[in-house]
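What follows draws every value from the coordinates through simple rules; no lab data is involved. From a predicted model like this one, the values you see are computed outputs, not experimental measurements. FYI the Cβ positions are ideal-geometry reconstructions off the backbone, even for glycines, and counts take in every protein chain you see.
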Ligand code: AOF
Ligand code: ZN
């Protein structure tokens, strides 16, 4: 099963699907392995079968698969049918699929057709946002900020400060690449003028850059965000009256953290990164909607400056599962909300 999880991690750009790995074992020998490579491509089980030297080797074999095999006709036919057809004797699954299309039905189909099914869950961090999305009917929200030793994210409120180091910057690119939406507030858009792109690699589905604004018509089209063609969504209170670039979509409404997340849920967004500023972070945290915090702690003090979370009253939020990593002279702190 550990090997199957390692195999699963090879998948890239699988959203809205999970990363899945599969290993075929017979007489204590690994005969084949495969993973789900990219959204819309073959499922892990099918790739594992394809890797066999002789397809008859699947007969009476044990299939280890990190996720319950699917039982539905999606972009590909159901894997459970193939498993039964090839005469696999036993299937060991890493977890039940929380997707209601499949959930439990895959296991039932296999058992009904005489296949032995066992569950062997290992504590893997794989597919956390996929699982969270289906279990909570809401995307997993991560808040990320870089702050000084005295908890400031900006020295002056109208000019961008470079808070964290190069290693933190590179790490945050990796964090961005794991999201489908990167969300910021209007003030951050204007003051920081960020591009919100993933710099280190070309993605087939780059994260959508989303900004909460009061009036879309007041946003300058000279901002950096408009200089690249990754999709942009504006959550605006007003309707747009100008010609906007093709990659821009305006979603009009009265936006709160709750209503934004509800909208994102309808769009099947599983992972959202809130990247500033203090006020938007405070609003999401106070609404109890943040599951994960990533903080880059820079080895300096600003004294005056903007606090990381600020602007609304709220009851303390407790986190656990804390990990700390050293990135040269910065620390990376990752923590998960207690449920
Ligand atoms: C995957 N890869 O290896 C497995 C999946 O539209 P489809 O046919 O690609 O089906 C997607 C669903 O199939 C997915 O949400 C999950 O429930 C199930 N299993 N999906 O993309 C795989 N095993
Ligand atoms: Zn499948």
Classify region 83-166 as rounded, prolate or oblate from the Cα gyration tensor: take a ≥ b ≥ c as the square roots of its eigenvalues, call it rounded if a/c is under 1.5, otherwise prolate when a/b beats b/c and oblate if not. prolate
Can you tell me the order of 115-121, 329-335, 230-236 when each peptide is scored by its average per-residue count of other Cβ atoms within 10 angstrom, highest first? 230-236, 329-335, 115-121
Along its principal axes, what span do the Cα atoms of region 55-126 show, with the longest given first and each in whole Å? 33, 26, 21
Run the helix sum for the chain: -39,500 (n - 2.57) per DSSP H stretch of 4+ residues, divided by residue count, reported at 222 nm to the nearest 500 deg cm²/dmol. -6000 deg cm²/dmol
Return one number: the angle in degrees, 0 to 90 and rounded to the nearest 10, between the long axis of the Cα atoms of helix 257-266 and the longest principal axis of the Cα atoms of the chain. 40
Given labels modelled 7 Å from the Cα in the Cβ direction, how far is it in nm from residue 29 to residue 137? 5.0
Compactness relative to 2.2 N^0.38 Å, alpha carbon Rg of the chain: 1.13
In degrees between 0 and 90, to the nearest 10, how far off the longest principal axis of the chain does helix 166-177 point, with axes built from Cα atoms? 60
Restricting to the chain, compute how many DSSP beta bridges are antiparallel as a %, nearest 5. 40
Square roots of 5 times each gyration tensor eigenvalue, C-alpha, region 118-191, largest first, Å: 32, 16, 11
Debye equation applied to the C-alpha atoms of region 247-322, log10 I(q)/I(0) at 0.12, 0.19, 0.23, 0.24 Å⁻¹: -0.44, -0.99, -1.28, -1.34
